[in-house]
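Input: a single structure, listed below in structure tokens.
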Amino acid sequence: MRAIDRALTHEVFNDLKREEAPLREDVEERITLAHPRSYLESIKAALPAPGEDPVRLDPDTVLSSGSWEPALRAVGAGLHGVDQVMNSDSGISKVFCQVRPCGHHAEKARAMGFCIFNNIAIAGLYARAAHGAERVAVVDFDVHHGNGTQDIFWSDKDLFFASTHQMPLYPGTGAASETGVGNIVNAPLRPNDGGEAFRDAMRSRILPALQNFSPDIVLISAGFDAHEADPLASLRLHEDDYAWVTEELCEAAERSAKGRVVSMLEGGYDLSALARSVAVHVKRLMDAA
Ligand SMILES: [Zn+2]
């Protein structure tokens, strides 16, 4: 978060409207759009008290006494972003949510991969429940497959999920054969694939499917761990690839979704590459707004 904060102090971001991710009164109710109430309660029950040791929800996902508020604020950021872009009076059509923890691995009833609640799926379901968006699309370019979002969207033809990701890699899902009810598009990439393969997967599979789906809002699971410098995986994307895909997704949103885009931060573990990549992503969102 500090690395991104520093990158966004550059003067090209002077016009960026910044808001703190809110702690909303309706956040628990909204979480249950994507997760059973029993799951929410189980997370609450697992929270250590201040001074107690953190607990592991899975081998990667640690819950400390300080985890609850940021988890709720991460969800709240997506809700607030959706409120902004769906309300035509706001004058805002592009939002980036700089949040931790990330969300796209969290399944309906399972925390995993650093993720507690599925921020982006909750945001998408909220766009439908609270704002009448009929068709909601999530495009996920994190290097890991967004198994949680896929799990939550799986059998609903009005929810679209498309992902590029390295395969094989954690969490092991995301084969091209996983298609839901025709609403899921997985375009796995091979280790060492770079921008050309990424753009080809987007151009040949994901962008045409997205256009065909004709979403009312485009949500982006924006993970930047497919960057060549990232230590957790071995794809070879660069900042210009993130700039390109951001422009393409904004153009897609222009066609059917009145330009409405809410992007939420997922992974990204080389802090310098993360900061530079977020900077180009946010700049392109600003340019398209
Ligand atoms: Zn990731």
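The values are calculated or read from the model by the stated rules, or taken from the named source; none is laboratory data. A quick note: this is a predicted structure, and the numbers were derived from the prediction, not measured. Counting neighbours? That spans all protein chains shown, and the Cβs are built from the backbone with ideal geometry, glycine included. Keep in mind that these areas ignore ligands, DNA and RNA; they rest on the heavy atoms of the full protein, side chains included. Shrake-Rupley method; radii C 1.70, N 1.55, O 1.52, S 1.80 Å.
Numbers at a glance
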quantity: The lone exception for GLY132 - which of (1) within 14 Å of the ligand (Cβ to nearest atom); (2) open to solvent by 30 Å² or more (accessible area, probe 1.4 Å); (3) on the phi > 0 side of the Ramachandran plot it fails; calculated: (1)
quantity: Some residue of region 36-56 being polar (S, T, N, Q), open to solvent by less than 60 Å² (accessible area, probe 1.4 Å) and under 21 Å from the mean Cα position of the chain (by Cα); calculated: no
quantity: Tabulated pairs, region 252-263, first among the aliphatic types (A, V, I, L, M), second at pLDDT below 95 and surrounded by 18 or more Cβ atoms within 10 Å (Cβ to Cβ), C-beta under 6 angstrom, 6+ apart or interchain; calculated: none
quantity: Qualifying residue in region 213-224 (condition: within 16 Å of the ligand (Cβ to nearest atom) and part of a loop (DSSP other than H, G, I, E, B)); calculated: yes
quantity: Checklist (1) surrounded by 24 or more Cβ atoms within 10 Å (Cβ to Cβ); (2) more than 14 Å from the ligand (Cβ to nearest atom); (3) farther than 19 Å from ILE120 by Cβ applied to ARG236, failing item; calculated: (1)
quantity: Cβ pairs under 8 Å, 6+ apart, first in region 264-278 and farther than 14 Å from ALA7 by Cα, second within 14 Å of the ligand (Cβ to nearest atom) and open to solvent by 70 Å² or more (accessible area, probe 1.4 Å); calculated: LEU265/ARG100; GLY267/PHE114; GLY267/LEU232; TYR269/PRO231; TYR269/LEU232
quantity: Those residues of region 247-272 which are within 16 Å of the ligand (Cβ to nearest atom) and either under 10 Å from PHE224 (Cα atoms) or surrounded by fewer than 24 Cβ atoms within 10 Å (Cβ to Cβ) (or both), in sequence order; calculated: LEU265, GLU266, GLY267, GLY268, TYR269, ASP270, LEU271
quantity: Scope region 183-205; condition open to solvent by less than 40 Å² (accessible area, probe 1.4 Å) and under 22 Å from LEU232 (Cβ atoms); matching residues; calculated: ASN186, ALA187, LEU189, ASP193, GLY194, GLY195, ALA197, PHE198, ALA201, MET202
quantity: Residue in region 164-182 that is open to solvent by 20 Å² or more (accessible area, probe 1.4 Å) and aromatic (Phe, Trp, Tyr) present; calculated: yes
quantity: Criterion: assigned to a strand (DSSP E or B), more than 16 Å from the ligand (Cβ to nearest atom) and either under 30 Å from TYR242 (Cα atoms) or open to solvent by 30 Å² or more (accessible area, probe 1.4 Å) (or both) - qualifying residue of VAL62, VAL82, VAL75, VAL139; calculated: VAL62
quantity: Criterion violated by GLY124 - all others in (1) in a helix (DSSP H, G or I); (2) more than 16 Å from the ligand (Cβ to nearest atom); (3) touching an Asp or Glu at 6+ places or on another chain (Cβ under 9 Å) satisfied; calculated: (3)
quantity: Residue check for ILE116: surrounded by 12 or more Cβ atoms within 10 Å (Cβ to Cβ) and within 24 Å of VAL136 (Cα to Cα); calculated: yes
